[in-house]
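One structure below.
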Amino acid sequence: MTLAALEQALQAALAPRDLLTHPFYQAWSAGELRTEDLARYAEQYRFQVAALPELLRRALEQTTDEETVDELTANLDDEEGRTGVAHALLWEVFGHAVGAARDPAALPETQSAGAALAGLVSEDEVTALAALWAYEVQTARVADTKEKGLRCYGIDSPAALRFFRLHGELDVHHARGLLEGVARAIARGGSLEAATEAVERSSGAQWRFLDGAERLRQERLPAA
């Protein structure tokens, strides 16, 4: 299977849960969020930012492929600040800009999504890499849309937007590296079906996270 054919198969598995079609991101792009919606989102997404290094570590335990190890290690170094500013710190800057609380409780949807992703990257090499590909390719895809939308809400300082700009650049490369890792794992006997199933489950978990953000938004909408 060519890399292009693999990417097409994984994109097809992702399509039903493309995050840009989620009602919360649709409202974001349409300028329909309020500042408090952004604040609540920032509070919950903090948990995903904090969890990503551990997801990468668990995935590293699933592979002995040198190129894949290098890719996952580079991704981890980016996240934890060994190649720049730690991404969790960049998210805190954004959260401060939108008024996020510093010690929020995780929503049930946030907890469920986090548990699902942690489980996926602990299963096997193909599942771990495909699940992370679905995570990274979506992060890269929505980063530019998020940044443009934030400018509509008056959030335009370079410091507050740096997280989105950085992920819009880095995650394109990380997603490509993960795709290549999935291809090598399949060539060594891994299953395409396992990869597409992992993408479906990973994108479903990310969708579920946004369900929590949308639920809070709907609960706070003024009565008609």
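Filtering the range 35-76 to residues that are open to solvent by 70 Å² or more (accessible area, probe 1.4 Å), outside any helix (DSSP H, G or I) and either touching a helix residue (DSSP H, G or I) at 6+ places or on another chain (Cβ under 7 Å) or not acidic (Asp, Glu) (or both) leaves only 64.
In this structure, residue 99 qualifies as in contact with a Ser or Thr (Cβ under 8 Å, 6 or more places away or on another chain), at positive phi and among the small types (Gly, Ala, Ser).
Looking at this structure, is residue 178 in contact with a helix residue (DSSP H, G or I) (Cβ under 7 Å, 6 or more places away or on another chain), within 20 Å of residue 138 (Cβ to Cβ) and either part of a helix (DSSP H, G or I) or of a type outside the set (A, V, I, L, M, F, W, C) (or both)? Judged against the criteria, residue 178 is a match. When each of 86, 140, 74 is tested for being within 24 Å of residue 212 (Cβ to Cβ) and either of a type in the set (Gly, Ala, Ser) or in contact with a strand residue (DSSP E or B) (Cβ under 7 Å, 6 or more places away or on another chain) (or both), the lone residue that passes is 140. Those residues that are out of contact with any Phe, Trp or Tyr (no Cβ under 9 Å at 6 or more places or on another chain) and part of a helix (DSSP H, G or I), I need them from the range 153-166; list them, please. Within the range 153-166, 158, 165, 166 meet the criteria. For the range 191-224, a residue qualifies if it is among the small types (Gly, Ala, Ser) and touching a residue at least 40 places away in the same chain (Cβ under 8 Å), and the qualifying residues are 191, 194, 195, 198, 202, 203, 204, 205, 212, 213. Scanning the range 89-131 for residues that are more than 15 Å from residue 160 (Cβ to Cβ), of a type outside the set (Lys, Arg) and open to solvent by 40 Å² or more (accessible area, probe 1.4 Å) turns up 101, 103, 105, 108, 111, 112, 115, 122, 123, 124. Can you pull out the residues in the range 99-134 that are assigned to a helix (DSSP H, G or I) and either within 14 Å of residue 49 (Cβ to Cβ) or at pLDDT below 95 (or both)? Within the range 99-134, 110, 113, 114, 117 meet the criteria. Residues considered: 199, 182, 142. Of these, the only one that is open to solvent by less than 10 Å² (accessible area, probe 1.4 Å) and over 14 Å from the mean Cα position of the chain (by Cα) is 182.
Here residue 31 meets each of (1) part of a helix (DSSP H, G or I); (2) in contact (Cβ under 8 Å) with a residue 24 or more places away in the chain with one exception, condition (1).
The values are calculated or read from the model by the stated rules, or taken from the named source; none is laboratory data. This is a predicted model, so every value here is computed, not measured. Don't worry about glycine lacking a Cβ; one is built from the backbone with ideal geometry, like all the others, and counts go over all protein chains shown. For accessibility, only protein heavy atoms count, side chains too; no ligands or nucleic acids. Shrake-Rupley method; radii C 1.70, N 1.55, O 1.52, S 1.80 Å.
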